[in-house]
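Beneath this line is the structure, given in structure tokens, with notes to follow.
Taken together, the values in this text are just the output of simple stated rules run on the coordinates, not laboratory data. All figures in this text were calculated on a predicted structure; none of them were measured in a lab. Neighbour counts are summed over all protein chains in view; Cβ atoms, including those assigned to glycine, are modelled from backbone coordinates with ideal geometry.
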Amino acid sequence: MTGESFVFHIDGVAVTAKPGQTIMEAADAAGIYIPRLCDVEGLRHQGGCRVCTVKADGRSVSACTQPAAPDLKVENDTPARNRVRRDLVEMLFHEGNHLCPICEKSGNCELQAMAYRLEMTVATRFPYLEPCRELDASHPDIALDTNRCISCGRCIRASQDVDGKGVFGYVGRGIHRRVAVNGADLAHTDAAVTDHAMSAAVCPVGCIIRKDEGFRVPIGSRHFDHGLIGHEIEEKRE
Amino acid sequence: MIETAGVGAAQDLEIAEICARFGNDRHRMLDILLDVQEARRWISPASMDAIAAAVGLTRIAVEGVASFYSFLSLAPKGRVTIRLCDDIVDRFAGLDAVVAAFAEELGIAPGETSADGAFSLEYTPCIGMCDQVPAAMINEVVAVRLTKARAREIAQRLKAGIAPGEAVLPGFAELGVQERVRAQVENNIRQAGEVLLGPVMQDRGLQAAMAMEPGAIIDAVEASGLRGCGGAGFTTGRKWRFAAGTQADRRIVICNADEGEPGTFKDRVMLTERADLVFEGMTIAARAVGALEGIVYLRGEYRYLLDHLHAVLEERRARGVLGQGFDIRIQLGAGAYVCGEEGALISSCEGLPGEPKTRPPFPVTRGYLGFPTVVNNVETFAHVARLLDQGPGWFHAMGTERSHGTKLFSVSGDCERPGVYELPYGQKVRDLLALAGAEHAAAVQVGGPSGTMIGRDSFDRCLSFDDLATGGAIIVFSSQRNILEIVDYYMSFFVHESCGYCTPCRVGNVFLKKAIEKFRKGQASDEDITYLKELSGTIIETSRCGLGMTSPNPVLSSLENFPLVYAALTRPSKDGVKATFDIQSAIDGARGIAKRRSYIFDKDFSK
Ligand SMILES: Cc1cc2nc3c(=O)[nH]c(=O)nc-3n(C[C@H](O)[C@H](O)[C@H](O)COP(=O)(O)O)c2cc1C
Ligand code: SF4
Ligand code: SF4
Ligand code: SF4
Ligand code: FES
Ligand code: FES
């Protein structure tokens, strides 16, 4: 991208951005964390989870897709924004089946970590949808449990854009939309455990499970046991 | 991919031929799948493999499209599929008896396919026949004003092997293309206005435009004050100026004929009676913005209009007013309301699932295949042709300060004269109701489910962008109707039609619907009213497109305008126990295990 960099404000803090940068990219560089689930560095933006919703000059937009603009006033870390985000995270919990104590991803899970960060402490008001989707354990090295899927599409983009394979894709519409694989089951695709799509950094929750890794790192020593989600970004701030 | 090879190579010739017909172009995926659906009655895994191979995509990418649209099926369907509109308006008009008649005659319930593969029976949302309900599609043939007796008669003819057209209308086969359209569906034009439904002169607007510079055409459209008729009301001239001002090798003009908002059917009438005018408007737009390609996105439910529209296009080509540089193709939809949203519509034209696109960029700068694209409603294009003929001043003089010209209203529900009314902007709801014979209305849904539900105290409000903005749907409900049943139905509509891309709309609308069910069961408390409002707020604020941003409107506008309906159904919680908590069903399992009744909760031991 060419052009002069410019300044805009997030919660009153001046942030410098280059033309073409999204609000989130500029915020990351400035050490300001905007909560997110479907967006991850290195993959194209999806703008689906809506957890990154901010107010920009009074308009609600997803920070991961909205271009920054000169003099924009962005509202990010406020009680009102975080209440809405908590609603969205709760929706994702209630859409799937999440039993953290028996989940391999616990402690490394971004959904769980986001719930902590957003202080999802009181009982939720939403009903549980209790899906019952078949576990795909056909592949020798990888298991797929979409009952925990939050439809972030990160596996789809990673497989398509980084691995050049297209192992995953969405099927269905509305509440029936879900992630499926390019074949009868995972064993009938060209998925390999070495794919970027299968790496721990891609699936934010416990859907894509590498079979020989189970509980190698004990609960208590896992990624988010060392700090709130987003702390790496916040530590960059001068 | 291991499993594709070898499966029925001979059978796949047909699929290969269908794909070849569309140049093995992945952007024509929807056309390919519609043809495969018609030929095979379903999209089988083997078909998906064959299509994927022909167009150079993965099988999962094909499945993503095939599983998105309601009219495509991943399980075998009957040779004849009967799709009954299950909208609330049809229900109030006696849908149940019609369904029962079909089910009994065909021996299948809605959602089923007969064992011999002859019939499928299904429900579908509004098919745009709201002024002649109950209505159904039988394959692509439309059957209106159904009664129990008529349903029986049609089913019996179908069972006797008579083709759908003949089964619905004996003598159908002898009719010409245009006659068939008018024989199937009534126009019900109740009030013709000065601009659209009164007398119009053929090609006059286009002739005027041909004598003008493109920039001057845009100036005229902008000066007329014309705003889009699809609902959002964006100034048409400004939209065109953006598209014309973007550097590009190709530009596209798209006519949005998806008309999916329940209660809207005015575009159906325009396409029947004024198709020439609509195409003329598109041709003017193409000249104004510098486009050579035009697409009409025709909802799958209007498949019955396809031959007629092709005939009108052909006639225009023969007359030399089309195909001299600019030409139009028709893209058929396949049952998805969200495809009316312009980004989703473009996705669908590109052969993708009908998912809205991330904005920005907006279609006027990067739309269809990345090129600047103008999307306008059917009615908007027709207005353009007329205002170029009669002059922008003539158009501007009609209507109100910020809403110029006339508007088509689709009136349905509990009224004596359902149909299409062309009126200048600014009419009172009360006046339109009087014209339609609906003076006794208790509630009116203005703009369809995504619009506003108003009560009698609001009937003096005006139909214009300054007050009650609407794409034209006016659905009338008498005092006999249950408001919450209507709200519940509309929420089920949004749940069915959400594309599922974003969390709030995909999940939140399911919760909203469940909350309304709770009210209907009398299990809600005051807190649930707060819950409805907060949940609605989150959905509206965070949704990615207009569908989610408006889907809580039935709940919010009924809460605002009919608060007593909700108040009457809430009860204070006793002893802090949630009203939803039903102790009887909670202990039912324990009763079974213990093989006895509860000493605390079952007072009566004698039974
Ligand atoms: C969920 C949804 C459905 C829509 N359906 C239609 C439709 O069926 N027809 C239509 O013209 N516009 C529809 N729109 C509006 C279009 O996105 C777009 O604004 C319109 O086609 C622009 O044309 P206009 O400016 O002439 O109104 C819909 C919007 C949304 C959010
Ligand atoms: S995926 Fe995350 S939130 Fe879900 S059960 Fe596992 S750890 Fe808990
Ligand atoms: S499987 Fe994991 S990475 Fe893929 S969409 Fe679901 S949650 Fe996201
Ligand atoms: S608001 Fe609804 S229809 Fe629109 S993108 Fe989100 S899920 Fe899809
Ligand atoms: S992170 Fe922006 S929408 Fe998910
Ligand atoms: S056709 Fe049933 S409501 Fe429109």
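Calculate the all-directions average of the projected area of chain A's alpha-carbon convex hull, and give it in nm².
Values: hull surface 55.9 nm².
Its Cα hull, projected and averaged over all orientations, spans 14.0 nm².
May I ask for the angle, rounded to the nearest 10°, between helix B:306-319 and the longest principal axis of chain B, with both axes built from Cα atoms and the value confined to 0 to 90°?
10 degrees
Using Cα atoms only, what is the angle between the long axis of helix B:29-40 and the major principal axis of chain B, expressed in degrees (0 to 90) to the nearest 10?
The helix B:29-40 is inclined about 60 degrees to chain B.
So for the pair residue A:193, residue A:216, with labels modelled 7 Å out along Cα→Cβ, what separation do we get in nm?
0.8 nm
Whose amide H sits under 5 Å from the amide H of residue B:524, counting only residues 5 or more places off or on another chain, with H placed in the peptide plane?
Counting only residues 5 or more places away or on other chains, the set is B:571.
For the stretch A:85-225, treating each Cα as an identical point scatterer without solvent, what Debye log10 I(q)/I(0) comes out at q = 0.11, 0.17, 0.21 1/Å?
-0.40, -0.98, -1.41
Based on Cβ point charges of +1 for Lys and Arg and -1 for Asp and Glu, what charge dipole magnitude is obtained for chain B about its Cα centre, in debye rounded to the nearest 20? Don't skip to the end; give the middle numbers.
Working: 65 positive and 76 negative charges, 209 e Å.
Roughly 1000 debye for chain B.
Any chance you could check the Cα centroid distance between the stretch A:174-238 and the stretch B:162-235 for me, in angstrom?
Spelled out, the Cα-based centre of one part sits 53 Å from the other.
List the extent of the Cα atoms of the stretch B:222-360 along each of their three principal axes, largest first, rounded to whole Å.
So the three principal-axis extents are 40, 35, 31 Å.
Can you compute 3J(HN,Hα) from phi for each residue in the stretch B:496-509, using the Karplus curve 6.51 cos²θ - 1.76 cosθ + 1.60 with θ = phi - 60°, rounded to whole Hz and x for Gly and Pro?
5, 9, 4, 6, x, 5, 10, 4, x, 7, 4, 9, x, 5
Over what distance in Å are the Cα centres of the stretch A:16-69 and the stretch B:87-133 separated?
With the stretch A:16-69 and the stretch B:87-133 each reduced to a Cα centre, they are spaced 46 Å.
Return the sequence-ordered ³J(HN,Hα) values of the stretch B:473-482 in whole Hz as given by the Karplus equation 6.51 cos²θ - 1.76 cosθ + 1.60 applied to θ = phi - 60°, using x for Gly and Pro.
7, 10, 10, 9, 10, 7, 5, 6, 8, 8
Hey, any idea what Rg/Rh is for the stretch B:406-477, computing Rh the Kirkwood way over Cα pairs?
Numbers: Rg = 10.3 Å, Rh = 11.5 Å.
That ratio is 0.90, to two decimals.
Mind listing the phi-derived Karplus ³J(HN,Hα) values for the stretch B:269-275, rounded to whole Hz, using 6.51, -1.76 and 1.60 with θ = phi - 60°, and x for any glycine or proline?
Once rounded to whole Hz, the list reads 5, 4, 5, 7, 9, 10, 4.
Past 25 Å, Cα to Cα: identify those pairs from B:239/B:407; A:105/B:518; B:239/B:357; B:77/B:266, in the order given. It would help to have the intermediate numbers written out before the result.
Details: B:239/B:407 19 Å; A:105/B:518 35 Å; B:239/B:357 18 Å; B:77/B:266 31 Å.
Correct reply: A:105/B:518; B:77/B:266.
Using unit Cβ charges (K, R positive; D, E negative) and no other charged atoms, how large, in debye to the nearest 20, is the dipole of the protein assembly as shown about its Cα centre? If you can, show how the numbers build up before the last one.
Values: 93 positive and 109 negative charges, 229 e Å.
Dipole magnitude for the protein assembly as shown comes out near 1100 debye.
Note down the relative contact order for the stretch B:432-481 as a percent, whole number, built from C-alpha pairs under 8 angstrom at least six residues apart.
Numbers: 64 pairs, mean separation 22.0, N = 50.
Relative contact order here is 44 percent.
Could you work out the mean count of beta carbons from other protein chains within 10 Å of each residue's beta carbon in A:74-87? List each step's numbers first, then the result.
Working: counts 0, 0, 0, 0, 0, 0, 2, 1, 0, 3, 7, 2, 1, 12.
Average neighbour count from other chains, rounded to a whole number: 2.
Which Cα, out of A:13, A:120, A:189, lies furthest along the positive dipole direction of chain A (beta carbon charges, K/R +1, D/E -1)?
A:120
Taking H as built 1.01 Å from N, whose amide H comes closer than 5 Å to the amide H of residue A:76, not counting residues under 5 places away?
Those qualifying (amide H under 5 Å, at least 5 residues apart or on another chain) are A:11.
Among B:297, B:530, B:55, whose Cα projects farthest towards the positive end of the dipole of chain B, with charges put on the beta-carbon of Lys, Arg (+1) and Asp, Glu (-1)?
Farthest along the dipole direction, towards plus: B:530.
Please list, ordered by chain and number, the residues whose modelled amide H lies under 5 Å from the amide H of residue B:331; skip anything fewer than 5 residues away on the same chain.
Result for residue B:331 returns B:296, B:297, B:298.
In degrees, nearest 10, range 0 to 90: what is the angle between the Cα axis of helix B:378-390 and the longest Cα principal axis of chain B?
Helix B:378-390 sits roughly 30 degrees off the main axis of chain B.
Give the Debye-formula value of log10 I(q)/I(0) at each listed q (0.06, 0.08, 0.11 Å⁻¹), with one equal scatterer per alpha carbon of chain B, two decimals each.
-0.34, -0.60, -1.12
What percentage of all Cα-Cα pairs in the stretch A:6-77 are separated by more than 15 Å?
Numbers: 1130 of 2556 pairs.
In whole percent, the long-distance tail amounts to 44.
Find the percent of Cα-Cα distances in the protein assembly as shown that exceed 41 Å, and round it to a whole number. Write out the running numbers ahead of the final one.
On the way: 137359 of 356590 pairs.
Beyond 41 Å sits 39 percent of the P(r) for the protein assembly as shown.
Can you check what the net charge comes to around residue B:532, using other residues whose Cβ is under 14 Å from the Cβ of residue B:532 (Lys, Arg +1; Asp, Glu -1)? Please list the in-between numbers first.
Values: positive: A:125, B:513, B:514, B:518, B:520, B:533; negative: A:87, B:488, B:517, B:526, B:527, B:528, B:534, B:560.
Taking every Cβ under 14 Å from that of residue B:532, the sum is -2.
Of the options B:556, B:244, A:162, report the single residue whose Cα projects farthest towards the positive end of the charge dipole of the protein assembly as shown (beta-carbon charges: Lys, Arg +1; Asp, Glu -1).
Of the listed residues, the answer is B:556.
What whole-number volume per residue, in cubic angstrom, does the convex hull of the C-alpha atoms of the stretch B:74-144 give?
Values: hull volume 5.8 nm³, N = 71.
Output value, Cα hull per residue: 82 Å³.
Let me know the mean shielding of A:46-53 by other chains, meaning the per-residue number of their Cβ atoms within 10 Å of its Cβ. Walk me through the intermediate numbers first.
Values: counts 4, 7, 8, 4, 13, 2, 1, 7.
Mean shielding by partner chains, rounded to a whole number: 6.
Mean separation of Cα pairs under 8 Å and 6+ residues apart, divided by the residue count of the stretch B:82-177: what relative contact order is that in percent? List each step's numbers first, then the result.
Working: 138 pairs, mean separation 28.9, N = 96.
Computed over the stretch B:82-177, the figure is 30 percent.
Return the average number of partner chain Cβ atoms within 10 angstrom of each residue Cβ along peptide B:55-68. Walk me through the numbers on the way to the answer.
Values: counts 0, 0, 2, 10, 7, 15, 5, 2, 6, 8, 2, 1, 9, 6.
Taking the mean over all residues of the peptide, I get 5.
Out of all Cα-Cα pairs in the stretch B:66-184, roughly what percent, to the nearest whole number, are more than 17 Å apart?
Numbers: 3741 of 7021 pairs.
Here the tail beyond 17 Å accounts for 53 percent of pairs.
Taking 20 °C and 1.002 mPa s as the conditions, I'd like the Stokes-Einstein D for the stretch B:9-66 in µm²/s, using the Kirkwood hydrodynamic radius from alpha carbon pairs. It would help to have the intermediate numbers written out before the result.
Values: Rh = 10.7 Å.
Stokes-Einstein gives a translational diffusion coefficient of 200 µm²/s.
Can you work out the FRET efficiency for the pair residue B:147 and residue B:182, with r the C-beta to C-beta distance and R0 = 35 Å, to the nearest 0.05? Can you show the working numbers first?
On the way: r = 21 Å, r/R0 = 0.60.
After rounding, the FRET efficiency stands at 0.95.
Would you mind telling me which residue in A:151, A:138, A:159 has the biggest mean-square fluctuation in a Gaussian network model of chain A, where springs connect alpha carbons within a distance under 10 angstrom?
Top of the fluctuation ranking is A:138.
Treating only the Cβ atoms of Lys and Arg (+1) and Asp and Glu (-1) as charged, compute the dipole magnitude of the stretch B:239-362 about its Cα centre; round to the nearest 20 debye. Write out the running numbers ahead of the final one.
Values: 16 positive and 18 negative charges, 81 e Å.
Dipole size: approximately 400 debye.
Below 8 Å, C-alpha to C-alpha, sequence gap of six or more: please give me the relative contact order for the stretch A:136-238 in percent. Mind dumping the intermediate values first?
Numbers: 125 pairs, mean separation 32.9, N = 103.
About 32 percent, as a whole number.
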